[in-house]
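Structure first, then comments.
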Amino acid sequence: MKAVVLSRTGPPEVLEYKEVQDPRPSSGEAVVRVAAAGVNRIDVWIRSGLYPVKLPHVLGVDVAGTVEEDSTGSFRPGERVLIYPSVGCGTCELCVSGEEQICSKMVRLGQHRWGGYAEKVVFPSRALVRVPDGIELEEAAAIPVNFLTAWDALVRAARIGPNDRVLVVGAGSGIGYAAVQICKLFGSTVIATVGSDEKVEQAYRIGADLVINRRRSDVREEVMRFTGGRGVDVVFEHAGKDFWDTALSVLGVKGRLVTMGATTGQNVGIDIRAVYNKRQAILGAGIGTKADLIKILDLFARRRLRALIDRTYRLSDAAEAHRRMEASEHFGKILLKP
Ligand SMILES: [Zn+2]
């Protein structure tokens, strides 16, 4: 089969489109023919060497496709599936309670196993989830990392509701546009930041109540004006170091700052006196549970949530897709198709 192989880490050019051996399923595993794969920040971090992996490697955490064969017999050939990307040991307390994504022995597709930048993928059959009718496989491939992370952050960690004013940082990113939609689904008010004038309009179109172009306006000033000086109840933060001080400065009394990703760096300062005086909480989030994925798919089937495909590239143009993501030119999801 054809795949995009990473033989050494470095710039986008290290992504090499070439022929590799077809993957063979072990007991308990299934082979999925890839219809589309999502491009994520984690792919860029693995490619550049920030997240070390065993080389050669094939990237791709988000995969939707059709079943070729399933050693367990749970899925018929041709069934349309999405792969839940994290598989735990299956026996520890976390796994047994449905939280295999934080199991200490968790194996992630596209990180610990070869992923979706290929014509075929092999992964444990129990990670497969049927894609409901009415959802295209391209749309399905845009869901796992972005929507599961935004869901974990907003619904599980921050427990958003209709009274919450939420600051969504980087609304044009994959998790950012997912976060705006999930906030609106739960009735929250959304203040979104973006990095260009073009993205201002796009963020309003997906439901943001106030959009701030952080390159033109002072985010803190705009947030304080909009909230009458109170600040926000929730900050959805994945920018890391560069935005951290602003994120904390706009967090109101009893506010929850939920963080993930740390795109610009993970070492930050915290005025702990301000945190306890204002009774604030700082929460961590990441990929949600497999049950969350099934819930999210149902919301997609009922058109309560939607994928926004920024651009689709051929698998052979994976380097170009990475350049677009690293330049933050995209709004929504970047996909690869074999
Ligand atoms: Zn486990």
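So, T72, is that one of a type in the set (V, I, T) and in contact with a helix residue (DSSP H, G or I) (Cβ under 9 Å, 6 or more places away or on another chain) or not? Spelling it out, T72 is indeed of a type in the set (V, I, T) and in contact with a helix residue (DSSP H, G or I) (Cβ under 9 Å, 6 or more places away or on another chain). Using beta carbons and a limit of 7 Å, which pairs, at least six apart or on different chains, have the first residue in the stretch 263-280 and farther than 11 Å from L251 by Cβ and the second one modelled with pLDDT under 95 and of a type in the set (D, E)? Filtered contacts from the stretch 263-280: T264/D242. Of the residues making up the stretch 186-200, those that are over 26 Å from R230 (Cα atoms) and either surrounded by fewer than 23 Cβ atoms within 10 Å (Cβ to Cβ) or in contact with a helix residue (DSSP H, G or I) (Cβ under 8 Å, 6 or more places away or on another chain) (or both) are S196, D197, E198.
Condition check ((1) over 17 Å from L335 (Cα atoms); (2) outside the structural domain of A178 (by TED's automatic domain parsing); (3) among the hydroxyl-bearing types (S, T, Y); (4) under 17 Å from the mean Cα position of the chain (by Cα)) across all residues:
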position	(1), (2), (3), (4)
S86	yes, yes, yes, yes
K105	yes, yes, no, no
K120	no, yes, no, no
P124	yes, yes, no, no
D133	yes, yes, no, no
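Just one residue in the set V232, V211, V223 is buried (at least 21 other Cβ atoms within 10 Å of the Cβ) and under 19 Å from A153 (Cα atoms); that residue is V232.
Looking at the structure I just gave you, is G38 under 20 Å from the mean Cα position of the chain (by Cα), in contact (Cβ under 8 Å) with a residue 12 or more places away in the chain and either within 17 Å of V131 (Cα to Cα) or more than 16 Å from the ligand (Cβ to nearest atom) (or both)? Judged against the criteria, G38 is a match. Quick check on R156: is it more than 17 Å from the chain's Cα centre (by Cα), touching a residue at least 24 places away in the same chain (Cβ under 8 Å), surrounded by fewer than 22 Cβ atoms within 10 Å (Cβ to Cβ) and part of a helix (DSSP H, G or I)? For R156, the condition - more than 17 Å from the chain's Cα centre (by Cα), touching a residue at least 24 places away in the same chain (Cβ under 8 Å), surrounded by fewer than 22 Cβ atoms within 10 Å (Cβ to Cβ) and part of a helix (DSSP H, G or I) - is not met.
Please verify whether the stretch 93-101 includes one or more residues that are buried (at least 22 other Cβ atoms within 10 Å of the Cβ) and in contact with a helix residue (DSSP H, G or I) (Cβ under 6 Å, 6 or more places away or on another chain). No, every residue in the stretch 93-101 fails to be buried (at least 22 other Cβ atoms within 10 Å of the Cβ) and in contact with a helix residue (DSSP H, G or I) (Cβ under 6 Å, 6 or more places away or on another chain). The set of residues from the stretch 92-124 being in contact (Cβ under 8 Å) with a residue 12 or more places away in the chain, near the ligand (Cβ under 8 Å from one of its atoms) and not acidic (D, E) comprises C92, C103, S104, K105, M106. Test I294 against the stated conditions and say whether it is more than 18 Å from G176 (Cα to Cα), at pLDDT 95 or above and not assigned by TED's automatic domain parsing to the domain that holds V58. Yes: the conditions hold for I294. Just one residue in the set D292, D298, D310 is acidic (D, E), exposed (fewer than 15 other Cβ atoms within 10 Å of the Cβ) and not in a loop (DSSP other than H, G, I, E, B); that residue is D298. Close Cβ contacts (under 6 Å, 6 or more residues apart or on different chains) running from residues in the stretch 326-338 that are assigned by TED's automatic domain parsing to the domain that holds S196 to residues that are among the hydrophobic types (A, V, I, L, M, F, W, C) and modelled with pLDDT under 95 are absent.
The values are calculated or read from the model by the stated rules, or taken from the named source; none is laboratory data. All figures in this text were calculated on a predicted structure; none of them were measured in a lab. All Cβ positions, glycine included, derive from the backbone under ideal geometry; neighbour counts span all protein chains shown.
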